[in-house]
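The numbers here are math on the coordinates, done by the rules we state, and not lab data. Quantities reported herein were computed from a predicted structural model and do not represent experimental measurements. Note that we place each Cβ from the backbone using ideal geometry, even for glycine, and neighbour counts take in every protein chain shown.
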Amino acid sequence: MNRSGWPVFSVAFLVVLFALGGGYVVFQRYTLPASATAPATPEVRQLALYLHAFEAGDETVRHWIPSLIVVNADDSVILRVTNLDPDKTHGFSIGALNVSVPPIPSGRTVTVRFVASRPGIYQYGCTLTGCARDHGDQTGQFVVLSSR
């Protein structure tokens with residue numbers, strides 16, 4: 001090759017090098033739009049929920065175990081609600097999701113099925129007002145995560 005070809009080759013080489021470098025930088029900074037992400041596949045979630053009662057001094061304290069339940073939007077939920085309070089009948093509902101069960105006698109279990117269709121944080125609890133002195137504390141949270 002003669003000397004007059006080197007400047008042309010050098011310029012062409014630098015142009016290709018800068019084009020590849022620029023493409024790499026753009027590729028590293030590019031993120032997929034939200035509509036291109038893979039959607040969460042709805043699942044069937046089988047969960048157990050217990051209204052537990054224990055003695056604390058002269059009082060009986062009642063609370064839900066677990067106090068927090070998390071599912072994805074559009075999951076089918078099968079919830080087994082058990083009343084472990086030896087003395088009282090209790091109810092259960094997630095009012096904002098239109099989920100409720102009939103009163104649950106002591107030691108009994110009721111199963112409820114529903115689709116968690118709306119993302120959000122919802123409160124659940126006992127529906128039998130006056131069931132016990134701590135009725136207002138018998139609550140928990142049901143969280144439905146967005147699929148996007």
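Using only Cα atoms and rounding to the nearest 10 degrees, what angle (0 to 90) does helix 5-29 make with the longest principal axis of the chain?
Helix 5-29 sits at roughly 10 degrees to that axis.
Per the helix-only calculation at 222 nm, which mean residue ellipticity applies to the chain, given -39500 (n - 2.57) for every DSSP H run of n ≥ 4 and division by its residues, nearest 500 deg cm²/dmol?
Rounded to the nearest 500, the figure is -6000 deg cm²/dmol.
Considering only the chain, what is the antiparallel percent among its DSSP beta bridges, to the nearest 5?
65
Ranked highest first by the average count of other Cβ atoms within 10 Å around their residues, in what order do 116-128, 8-20 fall?
116-128, 8-20
Would you mind pulling out the separation of the Cα centroids of the range 70-125 and the range 128-144, in Å?
The distance from the Cα centre of the range 70-125 to that of the range 128-144 comes to 12 Å.
Mean shadow of the chain, computed from the convex hull of its alpha carbons, in nm²?
So the Cα hull casts an average projection of 14.9 nm².
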